[in-house]
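Structure, as structure tokens:
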Amino acid sequence: MKIWIDISNSPHVRFFNDIIKYFKSEGEDVLVTGRKFGDIHKLMDMYNIDFVSVGKHGVTLEEKLETSANRVVELADLISSEKFDIGLSKHSIELPRITFGLGIPSLYVLDNEHASAANRLTLPLCDRIVVPNIIDTWKLIQYGANPNNIIPYNGTSELMHFNNFNYNDNIFDDLGLDLPLSKTILMRPEPSLASYLNTDCRKSVLSPVVDVLKEYANILILPRFKEQAEIFEGIKNVTILEPPVDTSSIIKKADLVIGAGGTMNREAAILQTPVISCYPGDTLSVDQFYVNQGLMSRTTDLDEIIKIALSFIVNPHKPISLKTDNLFDIIVENTYDLANNSKK
């Protein structure tokens, strides 16, 4: 079987890492493509994933349109030259359009019901859509998804990041971090360049949080790009991490995670490190899933963030049982099923 996997964002590298290695171990022919954006290329190298770099990410709406259109053309030339049995992606704008146009079945992984533009461009073209069951199916239908193509599961996509996770308890020492205080907080700024979030990439909602909590704990900042790193440079007790790093071990080692994004917050919830989401957009259903489980706090109010943070530093929550479906098996089984059915 010939499989095409397109990776368009940094967290998707970890998501597909075990999937790629599994299919290759089964003797399948796998082509991985990835655009130039964030830490995608560095993470691909870190996980020893062979890939073809195609296209990049745009900042303004005009650039997003232009770069996506150019990427469709480049990918179409690449993919049409060989006979693929199936395409897999997670929120890739280009893969569903190319697979639909070339008559290749596609499996699409979704976890953001608020990414309106992306969902309208992709969901109507996907043969199967793997989605957390906490996301309202009617919302996806409004975007044009065929309800018969939706494969719901209990959990979130971040479960895939820990199939073969080996915790490094010495991660802080290995990174040579200077941590003068007894407690450590990991923070992740908002995804300022995303099309679904209209924010200034040279500012962060975390700045006032850092100003207060730097007196109580070491602050580790994992920026998404250079401009975000510059926001927090030169601040006392603040260390800016340079990706790619073993974020999973850092999350587990930290006493608290405060994130203005999504993926890392949900990873913290799965690893049961106390986490506060201060994402500046509408609450995602996948975040609400962990809020409902008691594994995540959600607020954008500065006073509340500080209050909850100080409470967690002193009294971390006790382990909470989390029961989910096996997303890895769901993706593998649907990949084979979809590819085989298309040949009949």
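The table for this structure:
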{"quantity": "For the range 242-253, Karplus couplings with θ = phi - 60° (6.51, -1.76, 1.60), whole Hz, Gly/Pro x", "calculated": "9, x, x, 9, 6, 5, 4, 5, 5, 4, 5, 6"}
{"quantity": "All aspartates and glutamates inside 12 Å of residue 24 as judged from Cα atoms, apart from same-chain residues fewer than 8 positions distant", "calculated": "50"}
{"quantity": "Carbon/sulfur fraction of accessible area - the chain, other protein chains in place, 1.4 Å, %", "calculated": "47 percent"}
{"quantity": "Listed residue pairs exceeding 26 Å between alpha carbons, taken from 214/252; 236/307; 2/139; 21/83; 2/90", "calculated": "2/139"}
{"quantity": "Where the Cα pairs of the range 1-151 fall when distances are cut into 10 Å bins, in %", "calculated": "11, 42, 38, 9, 0"}
{"quantity": "For the range 239-344, the fraction of alpha-carbon pairs in successive 5 Å shells from zero, as %", "calculated": "2, 11, 19, 19, 16, 12, 7, 6, 4, 2, 1, 0, 0"}
{"quantity": "Residue-wise HN-Hα coupling along the range 15-23, computed from phi with Karplus coefficients 6.51, -1.76, 1.60 (Hz; x: Gly, Pro)", "calculated": "4, 8, 3, 6, 5, 4, 5, 5, 4"}
{"quantity": "Rg in Å to one decimal, and Dmax rounded to a whole Å, for the range 66-122 via C-alpha atoms", "calculated": "11.4, 35"}
{"quantity": "Placed amide H near residue 91: partners under 5 Å, 5+ positions off or other chain", "calculated": "109"}
{"quantity": "Rg followed by Dmax, in Å, when the range 27-68 is reduced to its Cα trace", "calculated": "12.6, 41"}
{"quantity": "Label-point separation in nm, residue 340 to residue 26, each point 7 Å along Cα→Cβ", "calculated": "0.9 nm"}
{"quantity": "Along principal axes, Cα extents of the range 134-281, largest first, whole Å", "calculated": "55, 36, 23"}
{"quantity": "Value of D in µm² per second that Stokes-Einstein yields for the range 81-155, Kirkwood Rh from Cα pairs, at 37 °C (0.692 mPa s)", "calculated": "268 µm²/s"}
{"quantity": "FRET efficiency estimate (nearest 0.05) - Cβ-Cβ, residue 326 to residue 306, R0 30 angstrom", "calculated": "0.20"}
{"quantity": "Low-density loop positions, chymotrypsin sites (Phe, Trp or Tyr not before Pro), the range 88-154 - DSSP coil, at most 10 other Cβ in 10 Å", "calculated": "none"}
{"quantity": "Residue-by-residue Karplus 3J(HN,Hα) for the range 48-53, coefficients 6.51, -1.76, 1.60, Hz, glycine and proline x", "calculated": "6, 9, 6, 8, 10, 7"}
{"quantity": "For the range 121-247: relative contact order, % (alpha-carbon pairs under 8 angstrom, 6 or more apart)", "calculated": "19 percent"}
{"quantity": "Sites residue 137 and residue 45 - FRET efficiency at Förster radius 35 Å, r taken between beta-carbons, to 0.05", "calculated": "0.40"}
{"quantity": "Length released on extending from residue 154 to residue 179, taking residue separation times 0.36 nm less the Cα-Cα span", "calculated": "5.2 nm"}
{"quantity": "Cut-off under 5 Å, modelled amide H: who pairs with residue 154 long-range", "calculated": "133, 325"}
{"quantity": "Heavy-atom accessible area per residue - the chain, 1.4 Å, Å²", "calculated": "44 Å²"}
{"quantity": "Label-point gap, in nm, between residue 62 and residue 205 - each point 7 angstrom along Cα→Cβ", "calculated": "3.0 nm"}
{"quantity": "Net charge dipole size for the range 214-344 [Lys, Arg +1 and Asp, Glu -1 on Cβ; Debye, nearest 20]", "calculated": "260 debye"}
{"quantity": "Taking the C-alpha atoms of the chain, convex hull volume expressed per residue in Å³", "calculated": "129 Å³"}
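The values are calculated or read from the model by the stated rules, or taken from the named source; none is laboratory data. These numbers were taken from a predicted model, which means no experiment stands behind them. Glycine gets a Cβ as well: all are built from the backbone with ideal geometry, and neighbour counts include every protein chain shown. Note: areas computed on protein heavy atoms with side chains; ligands, DNA, RNA excluded. Shrake-Rupley method; radii C 1.70, N 1.55, O 1.52, S 1.80 Å.
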